[in-house]
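The values are calculated or read from the model by the stated rules, or taken from the named source; none is laboratory data. For clarity, every value in this text was computed on a predicted model and none was experimentally measured. In this analysis, Cβ positions are derived from the backbone assuming ideal geometry, glycine residues included, and neighbour counts consider all displayed protein chains.
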Amino acid sequence: MSLRRALPGLSLCVMLTVAATFMPMLASAPARAQSVEPRYYDIGTPTLRDIWVDPARGSDSATGDTRAHALRTIIEAWNRVPSGATLSSTGYRILLAAGTYTSDSIPGWQEGRHGTRQFPVIIQGADGPGAALLASGLNICDCTYMYLIDFDIVPNPGAEALHNERCYNFLVRRMTMNGGHRAAQETLKVNQCQHYYIEDCDISSSWNVPVDFMCVQYAHVVGNRIHDAGDWCMYFKGGSAYITAEGNELYDADNGGFSAGDGSGFEFMLASPTTLTTSSS
């Protein structure tokens with residue numbers, strides 16, 4: 001974790017591996033830039049059916065099978081991914097052509113898409129990082145093996161760029177998310193998720209904190225720029241554990257760079273379906 005400014009405070013949870021990257025910086029003499037090699041999530045070679053979307057030239061009555069026959073809205077593309085049952089024959093990749101996707105083309109709520117490692121659900125910019133821009137935030141709940149890659153989210157000021165709840169095996173890679181001149185409370189908010197990965201993103205601009213984890217386990221935050229915060233750049237609240245934060249740059253926060261373990265209570269806890277057990281006692 002490289003720091004552009006000295007941080008006034010750092011609270012660590014024993015189940016986090018942040019200290020492994022932070023402490024060598026303090027101990028080095030003379031001070032040098034730290035060399036780290038973040039560990040990235042391996043997508044593998046999944047089986048995928050492509051669904052193309054083009055906000056300028058697409059039509060929701062098209063097949064969506066190729067760029068030339070793209071849909072117009074992400075709403076229509078999302079509706080073509082089967083819901084409820086776990087995918088068993090193919091995964092789906094929604095490919096976003098370059099352009100701006102206005103709020104009327106973006107789902108207001110996304111829920112119940114259950115991919116697997118071989119058959120995931122991917123939303124990806126087709127023309128490289130930043131070429132596709134979503135002008136409204138995403139709210140995603142109860143989705144598994146879902147990956148967001150190579151597009152930007154800049155919602156209306158005051159709205160979260162991305163909010164996740166009860167998602168498992170979720171990847172966010174090479175994305176820019178901006179809360180809009182510190183208008184959003186959080187830019188990226190993650191609640192009650194497991195195996196959640198943020199890689200090589202630029203996440204900024206909230207009056208509170210750009211990256212906020214609550215009850216998140218088995219995750220990593222690597223190679224990101226997280227900045228422009230009215231409070232902290234990033235914190236992992238109570239119930240969060242087994243998280244690697246490595247190779248990140250945190251700066252321009254009014255309070256501090258990173259904190260762990262605060263803002264929690266049992267009322268926020270949720271048993272994971274993968275670890276839930278029963279007892280007669």
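Results, tabulated for the structure shown:
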{"item": "Single residue of 120, 107, 129, 157 found to be without any contact (Cβ under 8 Å) to a residue 40 or more places away in the chain and out of contact with any helix residue (DSSP H, G or I) (no Cβ under 7 Å at 6 or more places or on another chain)", "result": "157"}
{"item": "Those residues of region 110-135 which are touching a strand residue (DSSP E or B) at 6+ places or on another chain (Cβ under 9 Å) and either modelled with pLDDT under 95 or more than 25 Å from residue 82 (Cβ to Cβ) (or both), in sequence order", "result": "127, 129, 130, 131, 133, 135"}
{"item": "Residue within region 177-199 that is part of a loop (DSSP other than H, G, I, E, B), among the small types (Gly, Ala, Ser), surrounded by fewer than 18 Cβ atoms within 10 Å (Cβ to Cβ) and modelled with pLDDT under 90 present", "result": "yes"}
{"item": "Within region 132-141, considering residues that are more than 16 Å from residue 102 (Cβ to Cβ) and not polar (S, T, N, Q), the one farthest from the chain's Cα centre (by Cα)", "result": "141"}
{"item": "Selected residue (only one of 80, 67, 113 is closer than 27 Å to residue 212 by Cα and among the charged types (D, E, K, R))", "result": "113"}
{"item": "All positions within region 213-236 that are closer than 16 Å to residue 160 by Cβ and of a type in the set (D, E, K, R)", "result": "228, 231"}
{"item": "Extreme residue, nearest to residue 220 (Cα to Cα), among residues of region 131-156 that are touching a Pro at 6+ places or on another chain (Cβ under 8 Å) and in a loop (DSSP other than H, G, I, E, B)", "result": "150"}
{"item": "Which numbered condition residue 68 misses (of (1) over 26 Å from residue 171 (Cβ atoms); (2) in a loop (DSSP other than H, G, I, E, B); (3) modelled with pLDDT of 95 or more)", "result": "(2)"}
{"item": "Residue in region 157-169 that is in a strand (DSSP E or B), aliphatic (A, V, I, L, M) and more than 9 Å from the chain's Cα centre (by Cα) present", "result": "no"}
{"item": "Odd one out for residue 79 among (1) without any contact (Cβ under 8 Å) to a residue 12 or more places away in the chain; (2) in contact with a Gly (Cβ under 9 Å, 6 or more places away or on another chain)", "result": "(2)"}
{"item": "Subset of region 222-281 (residues that are at pLDDT 95 or above, of a type outside the set (Gly, Ala, Ser) and part of a loop (DSSP other than H, G, I, E, B))", "result": "224, 248"}
